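Here the structure is laid out as structure tokens; the discussion comes afterwards.
Bear in mind that the values in this text are calculations on the coordinates, not laboratory data. Predicted model only: the values in this text are computed from it and were never measured. Every residue, glycine among them, receives a Cβ derived from its backbone with ideal geometry; neighbour counts consider all protein chains shown.
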Amino acid sequence: MTEGEETRLVAWSHELRRVHDRLRGALEVTRSALASGDAAATATRDLLLFCHGFCVALTEHHEGEDRDLFPAIAAAHPELRDTLRHLRQDHSMIAHLLGGLQAAVERAASPAELDRHVEGIAAIMESHFRYEERQLLAVLDTLALDADPHDVLGPL
């Protein structure tokens, strides 16, 4: 294996961590937008944009994993199929929670309601990310997947 091939193989674990960190940052921006406003601020275009951007980024990340990354892992490591099934279930639950947040933002829900939505997403998202990292980072260090990281993991 050449040095370039080894770098490419190891990069998937680094890129997953980097995307997770960016999504954590996007969630913090959304939390800050909520925390800085009063009732009138919850209906502002800024909050809508922050929430929409975060929801789209997280959704694209999970769709890419389900479509490209998880099948490649399952093919190389069939012993991880139960883990991947659990992660896909998390993706479905998080998508449902994101839909609830988007609906709440669009109807200009109260700051308290929006905060409950965001905190619920934050708790599930962080638990999911930690589990995924514990289960998959070592596998990603050796995964041979010839694909664009943006397509597989979402916005970097």
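A few remarks follow.
- From helices alone, the chain scores -26500 deg cm²/dmol at 222 nm; the rule is -39500 (n - 2.57) for each run of n ≥ 4 DSSP H residues, then divide by the residue total.
- With the charge dipole of segment 3-139 set up from +1 on Lys and Arg Cβ and -1 on Asp and Glu Cβ about the Cα centre, the Cα lying farthest toward the positive end among the listed residues Ala103, Met93, Leu137 is that of Ala103.
- Taking other residues whose beta carbon is less than 12 angstrom from the beta carbon of Leu27, and scoring Lys, Arg as +1 and Asp, Glu as -1, yields -1.
- Sorted fewest first by neighbouring Cβ atoms within 10 angstrom, Asp146, Asp66, Asp151 come out as Asp146, Asp151, Asp66.
- Residues His86, His128, ranked from the fewest to the most other C-beta atoms within 10 Å, line up as His86, His128.
- The shape of segment 3-139 can be summarised by an equivalent ellipsoid whose semi-axes, obtained from the alpha carbon gyration tensor, come to 32, 15, 11 Å from longest to shortest.
- Taking every alpha-carbon pair under 8 Å whose residues sit at least 6 apart, the chain reaches a relative contact order of 45 percent.
- Across Leu49, Leu143, Leu98, mean-square fluctuation computed from a Gaussian network of the chain (C-alpha pairs under 10 Å connected) peaks at Leu49.
- Rg/Rh ratio calculated on Cα atoms of segment 83-155 (Kirkwood radius): 1.09
- Of the DSSP H helices in the chain, those with a Cα length along their own long axis of 20 Å or more and a mean Kyte-Doolittle hydropathy reaching -0.5 comprise 45-64, 81-106, 111-140.
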